[in-house]
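The values are calculated or read from the model by the stated rules, or taken from the named source; none is laboratory data. Since this is a predicted model, take the numbers as computed values, not measurements. Neighbour counts are summed over all protein chains in view; Cβ atoms, including those assigned to glycine, are modelled from backbone coordinates with ideal geometry.
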Amino acid sequence: MNRIFTFLFLVTCFSSPLHAEIQTKKVEYRDGDVVLQGMMAWDDTIAKAPGVLIVHQWMGLTEYEEGRAKQLAKLGFVAFALDIYGKGVRPTTVPDAGKQATIYKTDRNLYRRRLQLGLDQLRGQAMTDTKKIAAIGYCFGGTGVLELARSGADINGVVSFHGGLDSLHPEDAKKIKAKILICHGADDPFVPLNEIEAMKKEFSDADVDWQMIYYSEAVHSFTQPMAGNDNSRGAAYQERADKRSWQAMNQFFGELFQTSAK
């Protein structure tokens, strides 16, 4: 009996996986006099892991992006949800969000600098494998990760979820080193066809490794529950597209980092 008990004890001890402990911390950093504040998330049972930068939608860094960072940490990534607008700058209305987003959409150099500063924070973490870096972004942030790629950032890949696709400087596509995945709502009214066609030409002319997935009956913001479920507003959550695009992202990461998608 004692031998059986000892055997079962040893099996339990050595066959049970370690329980992941997801850690988070707020990170303050600066762009000159402007204080920025993002959030880092990681699994403290993993010594070194690929890094994923998260770029927020036009309402600024919210619990939504922080939740995505925790999801990524559970999948074995080091995730950093950056801050484009500045500490405490969190629009509460659509008009205010539009004003904030417009600042960066019209000044792409400023936008790129804030993106790069966030990337620097992710790279600077001891647990980040700096040879394996990707960036994802939502809406305004979807535009942002494409802009980061166009800046020539040395990263493996970017994923744009229902983001704007326009470029003020299409010739910058020649600087792109990253592979690109675009997850797009087939019925998104905020991204006109001519913008899509211009993006295709821009990337193809520059021999960029890109792919684009359309999700039927999905409009803008299809990954975000806070968008509601009324497609007639042009922005609405769709669970099917949300799950499929997350799976597509994981498969893409598996290709980038030569790991099994989860």
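Restricting attention to segment 211-225, does a residue exist that is charged (D, E, K, R) and closer than 24 Å to Gly67 by Cα? No: segment 211-225 contains no residue that is charged (D, E, K, R) and closer than 24 Å to Gly67 by Cα. Condition (residue is surrounded by fewer than 19 Cβ atoms within 10 Å (Cβ to Cβ), in contact (Cβ under 8 Å) with a residue 60 or more places away in the chain and either among the hydroxyl-bearing types (Ser, Thr, Tyr) or under 24 Å from Thr102 (Cβ atoms) (or both)) applied to segment 225-232: is it met by at least one residue? Taking every residue of segment 225-232 in turn, at least one turns out to be surrounded by fewer than 19 Cβ atoms within 10 Å (Cβ to Cβ), in contact (Cβ under 8 Å) with a residue 60 or more places away in the chain and either among the hydroxyl-bearing types (Ser, Thr, Tyr) or under 24 Å from Thr102 (Cβ atoms) (or both). In segment 166-177 there is no residue that is more than 28 Å from Arg114 (Cβ to Cβ), touching a residue at least 24 places away in the same chain (Cβ under 8 Å) and buried (at least 19 other Cβ atoms within 10 Å of the Cβ). Entry remark, segment 175-193: residues being over 26 Å from Tyr237 (Cβ atoms), part of a loop (DSSP other than H, G, I, E, B) and of a type outside the set (A, V, I, L, M) number 1 in total.
Here Gly141 fits the description: among the small types (Gly, Ala, Ser), touching a His at 6+ places or on another chain (Cβ under 6 Å) and within 19 Å of Ala241 (Cβ to Cβ). Picking from residues in segment 44-67 that are among the charged types (D, E, K, R) and touching an Asp or Glu at 6+ places or on another chain (Cβ under 7 Å), the one that is surrounded by the fewest Cβ atoms within 10 Å (Cβ to Cβ) is Asp44. When Ala101, Ala135, Ala81 are checked against the criterion of being touching a residue at least 40 places away in the same chain (Cβ under 8 Å), more than 23 Å from Phe257 (Cβ to Cβ) and touching a helix residue (DSSP H, G or I) at 6+ places or on another chain (Cβ under 8 Å), Ala101 stands alone in meeting it.
Condition check ((1) among the charged types (D, E, K, R); (2) within 25 Å of Arg150 (Cα to Cα); (3) at pLDDT 95 or above) across all residues:
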residue	(1), (2), (3)
Lys175	yes, yes, yes
Gly185	no, yes, yes
Asp188	yes, yes, yes
Asp207	yes, yes, yes
Ile213	no, yes, yes
Glu217	yes, no, yes
Ser232	no, no, yes
Arg244	yes, no, yes
Gly254	no, yes, yes
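Filtering Ile196, Ile213 for residues that are in a helix (DSSP H, G or I), aliphatic (A, V, I, L, M) and within 28 Å of Ile176 (Cα to Cα) leaves a single hit, Ile196. Which members of segment 41-64 meet the condition of being among the hydroxyl-bearing types (Ser, Thr, Tyr) and assigned to a strand (DSSP E or B)? If the condition is that a residue be among the hydroxyl-bearing types (Ser, Thr, Tyr) and assigned to a strand (DSSP E or B), then no residue fits. The number of residues in segment 10-40 that are loosely packed, with under 10 Cβ neighbours inside 10 Å, under 28 Å from the mean Cα position of the chain (by Cα) and either assigned to a strand (DSSP E or B) or modelled with pLDDT under 55 (or both) comes to 1.
Just wondering, is there one or more residues in segment 132-148 that are exposed (fewer than 15 other Cβ atoms within 10 Å of the Cβ) and at pLDDT 95 or above? No, every residue in segment 132-148 fails to be exposed (fewer than 15 other Cβ atoms within 10 Å of the Cβ) and at pLDDT 95 or above. Are any residues in segment 204-227 within 17 Å of Asp242 (Cα to Cα) and not polar (S, T, N, Q), and if so, which ones? Residues satisfying the conditions are Met212, Ile213, Tyr214, Tyr215, Glu217, Ala218, Val219, His220, Phe222, Pro225, Met226, Ala227. Going through (1) at pLDDT 95 or above; (2) charged (D, E, K, R); (3) in a loop (DSSP other than H, G, I, E, B) one by one, Lys262 falls short only on (1).
Return yes or no: is Lys70 touching a strand residue (DSSP E or B) at 6+ places or on another chain (Cβ under 6 Å), over 26 Å from Phe222 (Cα atoms) and either basic (Lys, Arg) or crowded, with 21+ Cβ neighbours inside 10 Å (or both)? Don't jump to the end; show me each part of the working.
On the way: touching a strand residue (DSSP E or B) at 6+ places or on another chain (Cβ under 6 Å): yes; over 26 Å from Phe222 (Cα atoms): no; either basic (Lys, Arg) or crowded, with 21+ Cβ neighbours inside 10 Å (or both): yes.
The answer is no for Lys70.
Consider segment 41-70 and keep the residues that are acidic (Asp, Glu) and more than 13 Å from the chain's Cα centre (by Cα). The one that is farthest from Phe140 (Cα to Cα) is Asp44.
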